[in-house]
1. Among residues belonging to segment 521-550 that are surrounded by fewer than 22 Cβ atoms within 10 Å (Cβ to Cβ) and farther than 25 Å from Ala665 by Cβ, point out the one that is farthest from ligand 2 (Cβ to nearest atom).
2. Could you count how many residues in segment 467-520 are open to solvent by 10 Å² or more (accessible area, probe 1.4 Å) and touching a His at 6+ places or on another chain (Cβ under 7 Å)?
3. Name the single residue, out of those in segment 185-195 being surrounded by 15 or more Cβ atoms within 10 Å (Cβ to Cβ) and touching a residue at least 60 places away in the same chain (Cβ under 8 Å), that is nearest to ligand 1 (Cβ to nearest atom).
4. Residues in segment 119-141: is at least one within 16 Å of ligand 2 (Cβ to nearest atom), outside any loop (DSSP other than H, G, I, E, B) and either under 17 Å from Val13 (Cα atoms) or at pLDDT 90 or above (or both)?
5. Could you tell me whether Lys589 is free of Cβ contacts under 8 Å to residues at least 40 places away in the same chain, open to solvent by 50 Å² or more (accessible area, probe 1.4 Å) and among the charged types (D, E, K, R)?
6. Taking interchain pairs and intrachain pairs at least six residues apart, which have beta carbon atoms under 6 angstrom, with the first residue in segment 220-234 and closer than 16 Å to Thr153 by Cα and the second charged (D, E, K, R) and surrounded by 24 or more Cβ atoms within 10 Å (Cβ to Cβ)?
7. Which pairs turn up if I take residues in segment 159-184 that are in a loop (DSSP other than H, G, I, E, B) and look for partners that are open to solvent by 60 Å² or more (accessible area, probe 1.4 Å) and within 8 Å of ligand 2 (Cβ to nearest atom) with beta carbon separation below 6 Å, at least 6 apart in sequence or on another chain?
8. List the pairs whose first member sits in segment 734-752 and is closer than 15 Å to Ala420 by Cβ, whose second member is within 16 Å of ligand 2 (Cβ to nearest atom) and open to solvent by 10 Å² or more (accessible area, probe 1.4 Å), and whose Cβ atoms are under 9 Å apart, counting only residues at least 6 apart or on separate chains?
Amino acid sequence: MLIRKQFIITGQVQGVGFRPATYKLAKKLKLTGRIYNHAQGVTLQAQGSPEALKNLEAVLKNGAVLPPLAKIKTIKILEIPALKDEAAFTIDPSDQAGQKTSQVLPDTSVCADCLAEMYQPKDFRYLYPFINCTNCGPRYSIIKTIPYDRANTTMADFRMCQKCSKQYNNPSDRRFHAQPVACTNCGPKITLTDKTGKIIQSQSDKVVSTAAKMLKAGKILAVKGIGGFHLAVDASNETAVRQLRLRKKRDHKPFALMARSLKAIRKYAQTTEKTEELLTSPQSPIVLLPKKPKAQIAPSTAPGVGTFGFMLCYAPLHFLLFDYGPEVLVMTSANISDQPLICKNDEALEKLADIADAFVMHNREIFRQVDDSIVHIIADHTALRRRSRGYVPEPIFTQIAAPKHILATGADMKNTFCLAKNNQLILSEHIGDLEDAEVYRHYLASIAHLAGLFEIEPQVIACDLHPAYISTNYALSLKNMEIMRIQHHWAHIASVLAEHNHPSPVIGIECDGTGYGTDGAVWGCELMTADLADFQRIGHLAYYDLPGGDTASKEAIRPAIALLFQAFGDDFNPLDFADILEPIESDTKKHQIILKQLQNGINTVKTSSLGRVFDAVAAIVGLGSQNNFEAQLPIALEAIAAEDIRDCYDFQITADSLLLDLRPAIRQIIHDKRNGLEVSDISAKFHNCLATALAQWAHTAAKRTGLKDIAISGGVFCNRYLTNRLVTALQNKGLNVLLNLQAPANDSGIALGQAAIAAHRLTL
Ligand code: ZN
Ligand code: ZN
Ligand code: FE
């Protein structure tokens, strides 16, 4: 007896080799039928014996033979009439309506099969730096427009040779419909040039060997990769790394590292099963790993932090370079200060001429720049710190479909934006800080591009409440749109709800640097009840006055004096605190000016920012006086916190209004500092104080409201020491904790929360 069944499969099933894998499976099971892509995924019709179909169903459901990049979300199965004379199983190039589909995939690191082939001397892609297949290679970074066909990618310039084309057209080949397929004969090529663009080497193996030799000699190279250029330098060479800092004018921010193998990484950093899995995943992100003591990495690579950001080689070119090159390379994004990553050859030559000694370039154009993603382990979970290459543009799916297309414009710092269509929330790659004009132009272009790829025409715009945000003003400038302005900290909490598909209300704990509050104050340590429909602020860090507007987030002397002024009352005199304040700011006149500002309320803002409290405490204990990059001081404070300390500073929570008061802690910190307590102990006690306070705060709110789920978000929760202890404390109180895992906890996650709120509100 013949039966025929139709399987409608959704998820990540297009462009990942799903159809060829199914084709092979059908042949093995002696099934006939057809498979084709359509707008929502893939439709499979299979015909054969009931047992064979049963087997097919089982295999699809347990995912055993699926290609590595495929992810099935749903399978709808329907029995349909059998066809009489069907003889074979076929892959149809397009659906019944003849329409190609629009699913766009993230870029993926080179797979083991391709890598093995690349090192096979008899293979026609022997040592070819652009080897790829349906399971690996560039995607998002090379797509100009949909449908995802070679003609619409930057591979359009390369005509496939016969050998490549044969593989491309063979359904049982792992390069079947792999759009970027290429080889030594027909594909892109690498060159090594000097800083003027003059070619030094153009023969592939000489390019990599010469480049590696230069790296070993301490030279700085610009290397074009998948999502853009990196600046590469030997990570064991302190002089070279320092030179790179000097030329890049980047004094402090840690550089990312790249190695060829886990074995190499293990020499310098502590790994676990979980982090090794991440390092070797197809997404191949930068993973933040605890430094090993006395690691032989140039000290200037990552000063003042407890971790190294390591990634493994992910492009075939990286592997070839490492065949000759140093064991570990600094591989930092090639950009000028915080401008967009450089991805075009001529732009690289123009802008990096003063930084790089030579350029490893290629002639496959990068259409979209995509930064390396950054991942860390927090409270035993894998959480994204920067969600870009390898993850974008994979949508985050929601239960309820958005009735209209939505654009959420995000926050101004660490901007990402988010689009919503049906059940998909599509969070963009890392864009940057919008106040830079070039970043802003890039932002506008990126919105247009991503909307195009997903065929989205926004009718609703979600944006922040901040009247001075560039992203808000952009939203307000759009004509004929429904605008929803969404409070910053609610959006943070909503980003957690969105990614966990959590429809019911939660207690939210939100801690960050700054966000515009509904009362016009600068919020930054908030307790709320929230769902995607609304939120209510039920507590906050007791306001303190912060002098000096924007500079207050850079110069720690401002929050330091502000918090001492609050903690010691009207009698506070900076002269009595010279031992604490002068190391932070030697100009004592400035102390008096700040005090005057506070006393007279001139150019001060009311704030509940916890980020600034971190800045102040870090400065008070002597870890520096400036944030040269975002959260430099808080990161330094976290890095030194002693693991084995359980002591904790005092705090108060007012019973009626749930105000959190950290004045006792500030007074005790001064006391400990003056009594010569180790800075690592002070830091630990401060972190423990916050973990205890926030847990007790949430617990009180939970008892009052009957809610048991606690969502935590905000940039402060990129701090692993604090978050780990807070999560444990909350769980010990019987509460259920939800964290940001896919969307970053910092302002890069805001857009997701905005989009989720807007989508939800439209359904009410
Ligand atoms: Zn491959
Ligand atoms: Zn070829
Ligand atoms: Fe924020």
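1. The residue in question is Gln536.
2. Within segment 467-520, residues that are open to solvent by 10 Å² or more (accessible area, probe 1.4 Å) and touching a His at 6+ places or on another chain (Cβ under 7 Å) number 1.
3. Keep residues of segment 185-195 that are surrounded by 15 or more Cβ atoms within 10 Å (Cβ to Cβ), which gives 186-193, 195.
With touching a residue at least 60 places away in the same chain (Cβ under 8 Å) added as a condition, the list becomes 187-193, 195.
Values: Gly187: 14, Pro188: 16, Lys189: 19, Ile190: 19, Thr191: 24, Leu192: 25, Thr193: 28, Lys195: 34 Å.
Taking the candidates together, the pick is Gly187.
4. Yes, there is a match, as at least one residue in segment 119-141 is within 16 Å of ligand 2 (Cβ to nearest atom), outside any loop (DSSP other than H, G, I, E, B) and either under 17 Å from Val13 (Cα atoms) or at pLDDT 90 or above (or both).
5. Numbers: free of Cβ contacts under 8 Å to residues at least 40 places away in the same chain: yes; open to solvent by 50 Å² or more (accessible area, probe 1.4 Å): yes; among the charged types (D, E, K, R): yes.
Yes: the conditions hold for Lys589.
6. Close Cβ pairs satisfying both conditions: Ile226/Asp107; Gly227/Arg389.
7. Hits for this filter: Cys161/Asn185.
8. The qualifying pairs do not exist here.
The values are calculated or read from the model by the stated rules, or taken from the named source; none is laboratory data. Here the structure is a predicted model, which means the values were calculated and not measured. FYI the Cβ positions are ideal-geometry reconstructions off the backbone, even for glycines, and counts take in every protein chain you see. What goes into the accessible areas is simple: the full protein's heavy atoms, side chains included, and nothing from ligands, DNA or RNA. Shrake-Rupley method; radii C 1.70, N 1.55, O 1.52, S 1.80 Å.
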